[in-house]
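What follows is a set of notes on a single structure, which appears directly below.
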Amino acid sequence: MTKSAKLFWSFFMVIGLLSSCIKDEPQNTECDIEAASIHLDTPENIFYSISDTLVKVPSTENNIVFTVRRKADVSSLAPRFVLTPGATIVPENGSVQDFSNGPVTYVVTSEDKAWKREYKVAFTPMTRMMKDTLEIDFEDTEMETKTGTYYIWKSRNEDGTLGSDWSTGNPGFYLSNSKAAPDDYPTTMLENGYSGKAVKLVTRDTGTFGHWFKMPIAAGNLFLGKFIVESALVSALRATQFGIPFDKRPSKIEGYYTYQPGSQFIDKDAHVIEKTDCADIYSVMYVNHDEQGNPVYLFGDDVFTNPNIVAIARVKDLNPTDNWTHFEAEYVYQKDIDLDLLENYGYSFTIVFTSSITGASFEGAVGSTLCVDEVRVSFSKEE
């Protein structure tokens, strides 16, 4: 049983009557990897940054990926894992494995032996992007079935392989409506887009559970980064961790969209407000480490204000339209680019699409629908 599945129920637990007898603690049913790490004498030979030797694992994730240098030798590495209490892992924790032929499968067993969970651990070289344009067509989707039935989007690398750079808030919506059908989630797939498939983002009502926590709506969203489901009910703005490392300087983002706002705009108390909802499309580039070498990410509460931000592109005038309409925005740079830092993936960038511009604050109109397709990010050529 995953921690995310238990998260829903944890908010409704009630303290029972004290017993006059002392009973043994029940054995743990969790079988999660919470973090993975690599300890090396010379980590700089394999990793771009010391912080890359540690990967924190969201409870919804079964793929653990370490990002390494292009020519790194990964044939003899011994990852160590932080497991939920009492859990065991096979192959043995800290044992040497050969990752040069692809991911290695690990199986975690809960303390009570009743639950098992499979993880794939990979060491993936950070490949250079050779093209001057990033093409995003939203054709590659999978159905998530471990914690709920909803769509997830895969990124496509230049060599044709698929990555996991895209995330959505769908895992958070699962907490409020675990029985929803795939097309009833906030972020879904549209079969007939501008060209082929597209992404469809819809602001949804979160039901009694969401209203209870003053989260009455869930805006459809899709972004480069990770969704941390453990933060969804504790610190919602920290659930969206924006950004992936990148080695290009973006100059313009463009694509095609349709948009219609919902009929009634509500605040987090579910009060109707005289206001028209609007969508949001933006991209941000930032320095991904602080002066001490600690990793930096952007979240919902600082995606436009973090001091590490170097450039922002935000689309204006996303007017309601049923016809596929072109959008574009130039990146406005606030700081100069350090080319050495760029070469070594010292910058990250994100692209964010959402059906309600204030959805992160749980305000918007149920039914607001943004569809996006054929997105292109142009990059400047470095001399």
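Sorted by accessible area with a 1.4 angstrom probe, largest first, how do Ile228, Ile273, Ile309 fall?
The residues order as Ile273, Ile228, Ile309, largest area first.
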Alpha-carbon centroids, the stretch 58-130 and the stretch 275-293: separation in whole Å: 30
222 nm [θ] for the chain, helices only, -39500 (n - 2.57) per DSSP H run of 4+, per residue, to 500? -1500 deg cm²/dmol
Could you compute how fast the stretch 273-383 diffuses translationally, taking Rh as the Kirkwood radius over C-alpha pairs and applying Stokes-Einstein at 20 °C with viscosity 1.002 mPa s? Give it in µm² per second. 134
So how far apart, in nm, are the two label points at Ser263 and Asp322 if each is 7 Å from Cα heading toward Cβ? 1.6
Taking the chain as a Gaussian network, where each spring joins two C-alpha atoms under 10 Å apart, which residue of Gly193, Gly293, Gly364 fluctuates the most? Gly293
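Against the 2.2 N^0.38 Å scaling, with N counting residues, where does the chain land? I'd like the Cα-based Rg ratio to two decimal places.
Cα-based Rg divided by the globular estimate yields 1.03.
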Between the stretch 168-243 and the stretch 321-341, what is the C-alpha centre distance in whole Å? 25
Full-extension gain in nm, Asn306 to Asp140, via 0.36 nm per residue minus C-alpha separation: 56.6 nm
Net charge, Val375 excluded, C-beta distance under 9 Å - Lys, Arg +1, Asp, Glu -1: -4
How fast does the stretch 117-176 diffuse by Stokes-Einstein, in µm²/s, taking the Kirkwood radius from C-alpha pairs at 4 °C and 1.567 mPa s? 94
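The values are calculated or read from the model by the stated rules, or taken from the named source; none is laboratory data. Only a predicted model underlies this, so the values are computations on that prediction, with no experimental measurement involved. Positions of Cβ are generated from backbone atoms using ideal geometry, with glycine treated the same way; all protein chains shown enter the neighbour counts. To get the accessible areas, we keep the full protein, side chains included, count just its heavy atoms, and leave off ligands, DNA and RNA. Shrake-Rupley method; radii C 1.70, N 1.55, O 1.52, S 1.80 Å.
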